[in-house]
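The structure appears below as structure tokens.
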Amino acid sequence: MQICRSIVEMRAAVGAMSGSIGLVTTMGALHAGHMALVKAASTHDNVVATIFVNPTQFGDPSDLDTYPRTETEDLALLEQAGVAAVFIPTVGEIYPEGEETIVESTNLANVFHGLVRPGHYRGVATVVTKLFNIIRADAAYFGEKDYQQLAVIRTMVRDLHMPIAIHGVQTVREHDGLAMSSRNIRLTPADRAAAPILIAALTAAEVMIQGGATVEAAHDIIAATIATEPLATLGAIDIVDPATFAPAAGTPSGPVGIMISAEFGEVMLIDQKEVTP
Ligand code: PAF
């Protein structure tokens, strides 16, 4: 497995590859969710992974400082999974002195989770564009857990005519249903025990919608379920039409995407479910 720390090295590595390239972009602290993306990308002749804790998508500097960094373990996992090359750039390599160009979706970045995390999706779209331009893969794989991120990236690729296919990969969960996330290791044992309230809330909403309830009733059951857990502070509940990302209302006639977030101590977790009535 080639380890590339500069854009020049990364471009040389992909230039020497024959056949198709599947890309998995990560911020490291890899877990089974990331490895599911690598597995999905392995349908290509070559898999390229990136590890870059992207400062522009963090609002709170302490969140950036405490983001887990486990490079040695990450490299061992990627090597074992047969990844051909990994790109681990410095911040200066990605954001050189004087750079001033950003990529932002004008609507999607600023609604739903984007309201709770201003600037977050701008940072994601900008770094993902840079990584796409450096690696020039045929396809890239993103987790469905970051539902809005996936929508932002799909929209950006469509709008900017980027020659890359985007694939969503189903959320991988712990034995108790907690969605795998690099943030989970920052939870205290008590918060970790409380965090499956997210999937409990999503499942309660799913049961209601499948029983013919309205989006508003689903919203209320999510809030009520999360309120039963004293260690959880509800962030946002958004229920949308997955095709347009417009807010859903009333009794849905087709699938709805439910996105929720809650804070456990200092750690903000998100989860999502697509539900068909
Ligand atoms: O999902 C992530 O890990 C990040 O948001 C991404 C896509 C690697 C961009 O930094």
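Report yes if GLY114 is out of contact with any Leu (no Cβ under 6 Å at 6 or more places or on another chain), at pLDDT 95 or above, within 14 Å of the ligand (Cβ to nearest atom) and in a helix (DSSP H, G or I), otherwise no. For GLY114, the condition - out of contact with any Leu (no Cβ under 6 Å at 6 or more places or on another chain), at pLDDT 95 or above, within 14 Å of the ligand (Cβ to nearest atom) and in a helix (DSSP H, G or I) - is not met. If the condition is being free of Cβ contacts under 8 Å to residues at least 40 places away in the same chain and either within 15 Å of the chain's Cα centre (by Cα) or open to solvent by 30 Å² or more (accessible area, probe 1.4 Å) (or both), then the range 35-59 contributes THR43, ASP45, ALA49, ILE51, VAL53.
Taking every residue in the range 245-269 that is more than 30 Å from ALA190 (Cα to Cα) and open to solvent by less than 40 Å² (accessible area, probe 1.4 Å) and pairing it with any residue that is assigned to a loop (DSSP other than H, G, I, E, B) and aliphatic (A, V, I, L, M), at least 6 positions away or on another chain, the pairs with Cβ-Cβ distances below 7 Å are VAL256/ALA248.
Which of the residues belonging to the range 2-21 are surrounded by 13 or more Cβ atoms within 10 Å (Cβ to Cβ), over 24 Å from the mean Cα position of the chain (by Cα) and β-branched (Val, Ile, Thr)? Selection gives VAL14 alone.
So that you can scan it fast, the table gives a plain yes or no per residue for (1) under 19 Å from the mean Cα position of the chain (by Cα); (2) not aromatic (Phe, Trp, Tyr):
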{"residue": "ALA125", "(1), (2)": "yes, yes"}
{"residue": "TYR147", "(1), (2)": "yes, no"}
{"residue": "HIS175", "(1), (2)": "no, yes"}
{"residue": "ALA194", "(1), (2)": "no, yes"}
{"residue": "GLY211", "(1), (2)": "no, yes"}
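Please enumerate the residues belonging to the range 126-148 that are among the hydroxyl-bearing types (Ser, Thr, Tyr) and within 18 Å of ALA165 (Cβ to Cβ). Hits for the range 126-148 are THR129, TYR141. Could you tell me whether the range 156-167 includes any residue that is open to solvent by less than 20 Å² (accessible area, probe 1.4 Å), within 11 Å of the ligand (Cβ to nearest atom) and not aromatic (Phe, Trp, Tyr)? There is no residue in the range 156-167 that is open to solvent by less than 20 Å² (accessible area, probe 1.4 Å), within 11 Å of the ligand (Cβ to nearest atom) and not aromatic (Phe, Trp, Tyr).
Which condition breaks for ALA204 when tested against (1) open to solvent by less than 20 Å² (accessible area, probe 1.4 Å); (2) hydrophobic (A, V, I, L, M, F, W, C); (3) under 28 Å from ALA36 (Cα atoms)? Condition (1) is where ALA204 drops out. Every condition in (1) touching a strand residue (DSSP E or B) at 6+ places or on another chain (Cβ under 8 Å); (2) more than 21 Å from THR244 (Cβ to Cβ); (3) open to solvent by 50 Å² or more (accessible area, probe 1.4 Å) holds for LEU115 except the one numbered (2). Under the condition of being farther than 26 Å from LEU269 by Cα and surrounded by fewer than 12 Cβ atoms within 10 Å (Cβ to Cβ), the residues counted in the range 60-93 number 3. Could you check, for the range 94-103, whether at least one of its residues is among the acidic types (Asp, Glu) and surrounded by 16 or more Cβ atoms within 10 Å (Cβ to Cβ)? There is no residue in the range 94-103 that is among the acidic types (Asp, Glu) and surrounded by 16 or more Cβ atoms within 10 Å (Cβ to Cβ).
The values are calculated or read from the model by the stated rules, or taken from the named source; none is laboratory data. Since this is a predicted model, take the numbers as computed values, not measurements. Backbone-built Cβ (ideal geometry, glycine too); neighbour counts: all protein chains shown. Protein only, heavy atoms only, side chains kept; ligands, DNA and RNA dropped before computing areas. Shrake-Rupley method; radii C 1.70, N 1.55, O 1.52, S 1.80 Å.
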